[in-house]
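Provided herewith is a single structure, encoded as structure tokens, for subsequent inquiry.
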Amino acid sequence: MRRRELIFLLGGAAITSPLAGRAQQKAMPVIGHLGGTSPGAYAPFMAAFHRGLGESGYVEGQNLAIEYRWAEGRYDRLPALLADLVGQKVDLIVASGGLAAAQAAKNATSTIPIVFIVGADPVQSGLVASFARPGGNLTGVSMLTAELNPKRLELLSELVPQAGVIALLVNPNNASAEATIRDVQEAARAKGVQLAILKAATEAEIDAAFAALVQLHAGALLVGNDPFFNSRREQLVALASRHAVPAIYEWREFAASGGLSSYGTSLTSVNRQVGIYAGQILKGAKPADLPVQQPTKFELVINLHTAKALGLTVPQALLARADEVLE
């Protein structure tokens, strides 16, 4: 009898041990992080995200696990990546891949909390009910990147006043592409310059767009806001340098990589805020009660070294307005 009891107890231990292990794992919350670009391109911003989590008391590997998924700039991959995260039963989803990622996340789950980073108006896009009280299971940061494109064109015109033709590069797969084209066209008319529209959704199409830009004799280039373009930062900056085209971009990191200029909010600050929100939600806060954040400061960065290489003299008035001048 004792021998049988011993065998039963050992067998019970073998069965319950994995369950106990899973229970312990479940005690550690899991974030599903959906990135629109690639791990390498997004590394500086992930560091800021981790700082925000740290301010909320969470450290990956100690009291938090993170499942990473990267779309590599391909919007068609988003539904499958999100289905995978939902299937993993993560406790929270961070959608940092722009409006397309946020909308795909909303479509994927109505119960798992979602913290997004978008460039468009989340109310107009149907993500949330209002900025102050989002409602539902989503909140996050709206960076107003699309709204800043007309301002970028104005700044580019000041940097390159002789440019009669300015090209705008957009990703046709981006839901905000048409709105971006419309807004920048209005700004171009106001400045009295001709706008040439270039479209690219792949690496090869970026190369083709620059070839077309040269044929159009465009004097400058505005690179539209898009996660795919962020993932191809080095390619875009290298092509602009090779073709000697003055360009303005969305993020400081483009200017730091050799681009002429950038104008936008700090993506580092945005990701830190997302990390803080993620931590608050893991501690019990509801996304519906956390206001959608908006940036209050926008940075103009000018790379003087690149300007000199292009033979440009940056107006002193513009230098005085710059938040950072790289030499």
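The values are calculated or read from the model by the stated rules, or taken from the named source; none is laboratory data. In this text the structure is predicted, and so the values were computed from the model without any measurement. A quick note on method: Cβ atoms are made from the backbone with ideal geometry, for glycine too, and the neighbour counts reach across all protein chains shown.
Among (1) in contact with an Asp or Glu (Cβ under 9 Å, 6 or more places away or on another chain); (2) surrounded by fewer than 21 Cβ atoms within 10 Å (Cβ to Cβ); (3) over 25 Å from E55 (Cβ atoms); (4) small (G, A, S), where does S266 come up short?
S266 satisfies every listed condition except (3).
Also, I was wondering about something else. In region 65-91, which residues are in a helix (DSSP H, G or I), acidic (D, E) and over 17 Å from the mean Cα position of the chain (by Cα)?
If we filter region 65-91 for residues that are in a helix (DSSP H, G or I), which is where we start, we get 75-87.
Still in the running and acidic (D, E): 76, 84.
Correct list: D84 only.
Another question about this same structure. I need a count of the residues in region 66-85 that are surrounded by fewer than 16 Cβ atoms within 10 Å (Cβ to Cβ) and not charged (D, E, K, R).
Qualifying residue count for the region: 4.
Another question, then. Has region 274-295 got any residue that is surrounded by fewer than 18 Cβ atoms within 10 Å (Cβ to Cβ), at pLDDT below 95 and not basic (K, R)? Walk me through it before giving the result.
Filtering region 274-295 for residues surrounded by fewer than 18 Cβ atoms within 10 Å (Cβ to Cβ) gives 283-286, 288-289, 291, 294.
When the remaining residues are screened for being at pLDDT below 95, the result is 294.
If we keep only those that are not basic (K, R) as well, we get 294.
There is at least one residue in region 274-295 that is surrounded by fewer than 18 Cβ atoms within 10 Å (Cβ to Cβ), at pLDDT below 95 and not basic (K, R).
Filter region 296-316 down to residues that are out of contact with any Asp or Glu (no Cβ under 8 Å at 6 or more places or on another chain) and of a type in the set (A, V, I, L, M) and give me whichever is surrounded by the most Cβ atoms within 10 Å (Cβ to Cβ).
So, considering only residues that are out of contact with any Asp or Glu (no Cβ under 8 Å at 6 or more places or on another chain) and of a type in the set (A, V, I, L, M), the one surrounded by the most Cβ atoms within 10 Å (Cβ to Cβ) is A307.
Evaluate the following for L153: is it touching a strand residue (DSSP E or B) at 6+ places or on another chain (Cβ under 6 Å), within 20 Å of T265 (Cβ to Cβ) and either aliphatic (A, V, I, L, M) or assigned to a strand (DSSP E or B) (or both)?
On the way: touching a strand residue (DSSP E or B) at 6+ places or on another chain (Cβ under 6 Å): yes; within 20 Å of T265 (Cβ to Cβ): yes; either aliphatic (A, V, I, L, M) or assigned to a strand (DSSP E or B) (or both): yes.
Yes; evaluated as a whole, the condition is true for this residue.
I'm checking my understanding of the structure. Among residues of region 224-257 that are aliphatic (A, V, I, L, M) and buried (at least 23 other Cβ atoms within 10 Å of the Cβ), which one is farthest from A102 (Cα to Cα)?
Taking region 224-257 as the starting set, the residues that turn out to be aliphatic (A, V, I, L, M) are 236-240, 244-245, 247-248, 255-256.
In the following step, the residues that additionally are buried (at least 23 other Cβ atoms within 10 Å of the Cβ) were identified as 236-237, 240, 247-248, 255.
Numbers: L236: 25, V237: 28, A240: 31, A247: 28, I248: 26, A255: 27 Å.
Only one residue fits best here, namely A240.
Being in contact with a His (Cβ under 7 Å, 6 or more places away or on another chain) and outside any helix (DSSP H, G or I) is the requirement here; does V94 meet it? I'd like the intermediate steps shown before the answer.
On the way: in contact with a His (Cβ under 7 Å, 6 or more places away or on another chain): yes; outside any helix (DSSP H, G or I): yes.
For V94, the condition - in contact with a His (Cβ under 7 Å, 6 or more places away or on another chain) and outside any helix (DSSP H, G or I) - is met.
Please list, ordered by first then second residue, the pairs with beta carbon atoms under 7 Å, 6 or more apart or interchain, first in region 161-177 and assigned by TED's automatic domain parsing to the domain that holds S125 and surrounded by fewer than 24 Cβ atoms within 10 Å (Cβ to Cβ), second of a type outside the set (A, V, I, L, M, F, W, C) and not in a strand (DSSP E or B).
none
Of the conditions (1) modelled with pLDDT of 90 or more; (2) at negative phi, G40 clears all except one; give me its number.
(1)
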